[in-house]
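Take a look at the structure below.
The values are calculated or read from the model by the stated rules, or taken from the named source; none is laboratory data. Predicted model, so just to flag it, every value in this text is computed and none were measured. Glycine gets a Cβ as well: all are built from the backbone with ideal geometry, and neighbour counts include every protein chain shown.
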Amino acid sequence: MKASFGRTGRNLARGAGRLRLLFLMRGTIRVYWRILVAGFRRQSAYLLAAFGGLVANTTFGLLKVAILFATVRAAGGELQGYDVALMSTYIWVSQGLLGSVNLFGRIDIADRIKDGDVAVDFLRPLDVQAAAITTEVGKSLFNLIPRGIPSVLIGGLVVGMALPDHPASYLLGAVSILLGIAISAATVYLVVAAPGFWLVETRGLQILYMVVSGFLAGLFVPIWIFPKWLEMLAQATPFPSMMMYPVDIISGRVDVTESLVLLAVQLAWLAGVGALGQVLTRAGRRHLEVQGG
Amino acid sequence: MTEPIIETTGLTREFKVRDGLKRRTVLAVDDLTLRIEPGEAVGYIGANGAGKSTTIKMLTGILVPTQGSVTTCGLRPVQDRRRLARQVGVVFGQRSQLWWDLPVRESFRILAAIHDLSAAAEKERTDELVERLEMAEFLGTPVRQLSLGQRMRAEMAAALLHSPRLVILDEPTIGLDVLSKQRLREFLVAERRTHGTTLLLTTHDMGDVERLCDRILVIDRGRLAYDGDLPGLSRTVGAERVLVVDLAESIEDLTGIPGTRHLGSEGHGLRQRLAFDAEATTAARVLASVSERAEVLDLTVEEPDIEDVVRRIYAARR
């Protein structure tokens with residue numbers, strides 16, 4: 001009798017523990033959701049800048065059309081599986097993602113570490129890295145509206161493009177784009193922002209990131225038309241996960257099975273750069289010297 | 001005996017500073033030991049670079065101490081940073097915790113979510129703060145368009161939204177006009193009265209200290225130089241108040257009035273300045289003595305300023 005009471009008590013305690021965990025998780029999701037929305041709304045204050053970006057995206061999109069279409073035609077109408085229509089999809093989706101996938105290496109938290117405003121971030125009951133990345137993702141998601149979607153529409157209407165055969169490509173593509181955005185934010189945090197705990201000036205890292213990331217992410221040409229060694233080098237970095245894979249999935253260049261594999265690769269990269277960023281943040285706190293009083 | 005809300009023992013923080021090619025070590029906070037009880041209102045004063053902000057950043061878990069221990073609200077600030085953040089509200093006069101591009105109201109909503117306030121608690125507290133800090137007129141304005149006075153009120157509300165037990169203010173009235181300062185002080189007095197909040201503030205403004213604090217800590221080159229109340233501080237440094245009188249006729253220097261020292265005259269004695277020790281006499285008595293010699297047209301009383309008090313303390317220690 002006594003034993004069974006004990007067991008009931010333990011079960012109750014375990015149940016209460018689970019309930020508490022559930023509440024905690026719900027609270028955490030609510031907090032980061034708000035921060036995501038805040039990032040989204042902050043970006044909406046800069047609509048004019050977004051339209052400026054769209055104009056630039058479109059101009060460079062047309063430039064890419066001229067160069068890459070000529071390349072495909074010179075190769076006899078097909079190059080590494082790309083015909084003109086599929087190349088067009090690649091061009092306009094990648095141009096559209098340029099406002100959302102961070103290939104420039106700029107991130108708010110890097111400036112905040114530099115000028116000492118990061119002190120305020122440390123005063124909140126939040127994980128500094130997670131909050132910074134969530135904010136960036138929120139801003140990026142907003143940019144899909146004035147830059148991402150119009151870019152694809154303009155390309156589709158003016159140049160024409162191939163659409164995926166399988167409806168699942170749209171859903172998997174959307175998930176992949178979200179992952180690509182998050183991976184880019186987490187990587188910029190890792191490579192450009194976190195070193196700021198040790199270095200006063202991180203502009204060099206930002207420029208290095210900008211130069212390398214666009215190329216290896218497949219912004220200029222699909223990484224599949226790289227020489228084999230360079231393609232393998234690219235795939236050893238998180239950059240194709242930011243743009244090349246999402247474009248491949250949503251354009252239907254890869255089938256559903258391959259899409260799932262690419263999504264798994266993306267998840268692995270997100271976990272990897274996220275974990276490294278977390279380690280650097282923890283180590284960096286000991287070095288933090290808040291600048292400017 | 002209750003548990004102190006802040007307790008430090010031998011708290012020390014060094015910074016490495018590059019000086020040309022050499023690197024040298026600067027002691028920003030040096031072996032600081034202090035204890036603050038719940039409900040106290042403490043003014044933390046000292047010259048620029050004395051170590052005030054560094055102390056605050058160690059109390060709140062932003063900076064990691066080089067040596068010594070610190071406990072805030074019963075927690076270890078660095079290890080328990082996120083738990084501590086729920087119990088402490090901090091205003092850095094020169095840094096914003098609001099979302100620059102968003103309306104003030106939106107910042108409050110985000111902070112309420114961050115601190116996990118229930119919808120009812122959020123509404124009640126927001127309403128209270130909006131009323132007490134008179135923020136209704138600019139709730140919908142993006143933060144970047146606020147005046148400094150408005151922004152500081154919003155900053156104060158943002159730091160206090162989660163009803164922290166301990167409020168730390170780092171130069172909260174810097175750059176504000178007299179009226180805005182007055183408003184913020186009144187708010188803080190009311191906040192303490194209703195919620196029993198503990199207050200720790202750094203300032204260069206004697207008015208802040210006089211109206212808000214019942215205990216003063218003076219820090220000098222990272223070390224504690226004084227710990228006590230305001231009258232005690234004035235006694236220690238002999239800080240004098242100054243009576244300035246404008247007279248109807250020019251007369252000789254007003255020397256020989258008990259408890260005063262003649263500082264100077266202008267306009268052939270039409271305006272004269274007398275320093276007096278508030279412990280020895282009163283402004284009224286000095287004025288009465290002056291009135292016996294000449295008709296007084298106008299007068300002002302100058303309070304000892306904080307720089308002056310701090311300078312005297314520093315001088316006495318060197």
A:Leu288: assigned to a helix (DSSP H, G or I) and in contact (Cβ under 8 Å) with a residue 40 or more places away in the chain, yes or no? no
Step by step: first the residues of segment A:68-95, then only those that are without any contact (Cβ under 8 Å) to a residue 12 or more places away in the chain and assigned to a loop (DSSP other than H, G, I, E, B), then the one that is nearest to A:Glu136 (Cα to Cα). Which residue is that? A:Glu78
Top-ranked residue in segment B:62-84 [being at the interface with chain A (Cβ under 7 Å from one of its Cβ atoms) and touching a helix residue (DSSP H, G or I) at 6+ places or on another chain (Cβ under 8 Å); ranked as farthest from B:Ala159 (Cα to Cα)]: B:Val64
Might you check whether a residue that is charged (D, E, K, R), farther than 20 Å from B:Gly39 by Cβ, over 17 Å from the mean Cα position of the chain (by Cα) and surrounded by fewer than 17 Cβ atoms within 10 Å (Cβ to Cβ) occurs anywhere in segment B:226-240? yes
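Kindly provide the set of residues from segment B:187-201 that are of a type in the set (S, T, N, Q) and assigned to a helix (DSSP H, G or I), ordered by number.
Within segment B:187-201, B:Thr194 is the sole residue that qualifies.
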Can you find even one residue in segment B:152-172 that is in the same structural domain as B:Ser96 (by TED's automatic domain parsing) and over 30 Å from B:Pro38 (Cβ atoms)? no
Among the residues of segment A:118-165 satisfying the criterion of being of a type in the set (D, E, K, R) and in a helix (DSSP H, G or I), which is nearest to A:Phe51 (Cα to Cα)? A:Arg147
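A quick yes/no check of all residues on (1) crowded, with 24+ Cβ neighbours inside 10 Å; (2) within 14 Å of another protein chain (Cβ to nearest Cβ); (3) closer than 16 Å to A:Gly196 by Cβ:
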| position | (1), (2), (3) |
| --- | --- |
| A:Leu79 | no, no, no |
| A:Asp83 | no, no, no |
| A:Ile91 | yes, no, no |
| A:Arg106 | no, no, yes |
| A:Gly116 | no, yes, yes |
| A:Ala119 | yes, yes, yes |
Filtered residues of segment B:277-290 (kept if at pLDDT 85 or above and either closer than 22 Å to B:Pro304 by Cβ or touching a Phe, Trp or Tyr at 6+ places or on another chain (Cβ under 8 Å) (or both)): B:Ala284, B:Arg285, B:Val286, B:Leu287, B:Ser289, B:Val290
Test result for B:Ser291, crowded, with 16+ Cβ neighbours inside 10 Å and hydroxyl-bearing (Ser, Thr, Tyr): no
Single unsatisfied condition, B:Leu233 versus (1) at pLDDT 85 or above; (2) closer than 30 Å to B:Gln67 by Cβ: (1)
Which of the residues that make up segment A:233-249 are buried (at least 24 other Cβ atoms within 10 Å of the Cβ) and assigned to a helix (DSSP H, G or I)? A:Phe239, A:Pro240, A:Ser241, A:Met242, A:Met244, A:Tyr245, A:Pro246, A:Val247, A:Asp248, A:Ile249
Neighbours by Cβ (under 8 Å, 6+ apart or cross-chain): first from segment A:206-220, over 16 Å from A:Ala185 (Cα atoms); second acidic (Asp, Glu) and surrounded by fewer than 19 Cβ atoms within 10 Å (Cβ to Cβ): none
Do we have any residue at all in segment B:113-120 that's assigned to a helix (DSSP H, G or I) and away from every other protein chain (no Cβ under 13 Å)? yes
Restricting to segment A:37-62, count the residues that are closer than 17 Å to A:Ser140 by Cβ and touching a residue at least 40 places away in the same chain (Cβ under 8 Å). 14
Does A:Leu98 satisfy the condition of being more than 14 Å from every other protein chain (Cβ to nearest Cβ), surrounded by 13 or more Cβ atoms within 10 Å (Cβ to Cβ), closer than 15 Å to A:Leu219 by Cα and in contact (Cβ under 8 Å) with a residue 60 or more places away in the chain? yes
Return the total of residues in segment A:164-173 being touching a residue at least 40 places away in the same chain (Cβ under 8 Å) and surrounded by 13 or more Cβ atoms within 10 Å (Cβ to Cβ). 6
Applying the selection to segment A:40-72, what residues are touching a Pro at 6+ places or on another chain (Cβ under 6 Å) and of a type in the set (Gly, Ala, Ser)? A:Ala50
